[in-house]
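The values are calculated or read from the model by the stated rules, or taken from the named source; none is laboratory data. Note that the structure is predicted; figures quoted are calculated from it, not measured. When we count neighbours, we look across all protein chains shown, and the Cβ atoms used for this are built from the backbone with ideal geometry, even at glycine. In case anyone asks, the SASA skips ligands and DNA or RNA and just uses the protein heavy atoms, side chains included. Shrake-Rupley method; radii C 1.70, N 1.55, O 1.52, S 1.80 Å.
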Amino acid sequence: MMVTVAMPVSSQAGVDESTLVAQSRQGDTVAFGELVRRYEAKIFRLAQHVTQNREDAEDVLQETFMKAYEHLDQFQGNSKFYTWIVRIAVNQALMKLRRRKTDKSVSLDETIDTGEDTIVREVAAWDEDPEQRFSREELGGILDTAVESLEPPYRSVFVLRDIEELSTEETADALGLSIPAVKSRLLRARLQLREKLTRYFKRKGDDAFAYM
Amino acid sequence: MLTCKDFLKELSDYLDETVDKEVLAKLERHITECPNCWVIADTTRKTIRVYKGMDPHPLPSDVESRLMRALEKKIAAGKSGQTT
């Protein structure tokens, strides 16, 4: 029998997540379509941040939702659906990174100096809402460039903790890291980004305090 | 007495508000006395805030339509009893 399955635009925008998951498990493709639509942009952003490659990110996006659909019965329901698909997406993205790893090391497991020297070179105050000096587009560009310049071990932790807003435990779990490792990488990532953004966000007239 | 180095070590937990009361009191005392650490804490807090406030761009329409096509294929294959 030929089954045509469409993923129609649903009227389920307000339906809560656990209902959608339960409906999807029973084969309701409209409900599953709504779950996809809810999280596709975030998963694509996450995949782009981790893989740094648009083509790989698109593969990760498709593989994530296909795997989620396939393994929906394994979703326990004791975590959030979003956390569950983030874990799938991180795994897929890391696999891409490892596969692409040739001369340039992109391993997440690489030894990084444990960092007694938390880098603080520039101490200049920022405006109260420094981001308002920029258009949305400019700001997006500044923030993306700064994240992209982080080394992969720091970048992945920062993306999961501070952009996707996972907890420390969830981040540790998704990346296969210990909690202290997540914490120390997060601190370094935050400080490095602070340093990079200071160039754009520091209060005008405070140049006397800039040492760089 | 807390040094700047001690303060920096606790900075993430301080900003995430996951330090206990005793440590918190020490950290807060330190930043009232150390302008540099105050600036670092303030600018790091703002760094986190600007990233949290960024919504993802909507999925580009070509990426979205390829995603939907892939899923429809997957679902159809599942329904007719095939595995991939």
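Let me have the relative contact order for chain B, percent, based on Cα pairs under 8 Å that are six or more residues apart.
Relative contact order, chain B: 22 percent.
Once phi is turned into θ = phi - 60°, what whole-Hz ³J(HN,Hα) does the Karplus curve with 6.51, -1.76 and 1.60 give for every residue of region A:123-130, x standing for Gly and Pro?
10, 10, 5, 9, 5, 5, 10, x
Looking at chain B, which Cys residues are left with no other cysteine's beta carbon under 4.7 Å from theirs?
So far as the 4.7 Å Cβ criterion goes, B:CYS4 stand without a partner in chain B.
What does the extension gain come out to for A:TYR200 and A:ALA22, with contour length at 0.36 nm per residue minus their alpha carbon separation?
Extra length from A:TYR200 to A:ALA22 when fully extended: 59.4 nm.
Reachable lysines from A:LYS196, Cα under 26 Å, same-chain residues fewer than 8 places away excluded?
A:LYS42, A:LYS104, A:LYS183, A:LYS204, B:LYS5, B:LYS9, B:LYS46, B:LYS52
Given the peptides A:17-24, B:57-64, arrange them by the average over their residues of other C-beta atoms within 10 Å, most packed first.
Highest to lowest by the protection proxy: A:17-24, B:57-64.
Probe radius 1.4 Å, ligands and nucleic acids left out: can you give me the accessible area buried at the A-B interface, summed over both chains, in Å² to the nearest hundred?
In total, this chain pair buries about 4400 Å².
From the phi angles alone, apply the Karplus equation (6.51, -1.76, 1.60; θ = phi - 60°) to region B:9-21 and give each ³J(HN,Hα) in whole Hz, x where the residue is Gly or Pro.
4, 8, 4, 4, 5, 4, 5, 7, 6, 10, 8, 6, 3
If amide H atoms are built 1.01 Å from N in the plane of the peptide, which residues on other chains or at least 5 residues away come under 5 Å of the amide H of A:TRP126?
Residues meeting the criterion, in which the H sits 1.01 Å from N, are A:ARG203.
If the cut-off is a Cα-Cα distance under 20 Å, which lysines reach B:LYS73, setting aside same-chain residues fewer than 8 apart in sequence?
Excluding near neighbours in sequence, the set is A:LYS67.
Other chains near B:2-13: what is the mean number of their Cβ atoms within 10 Å of each residue's Cβ?
Mean inter-chain Cβ contacts per residue within 10 Å come to 3.
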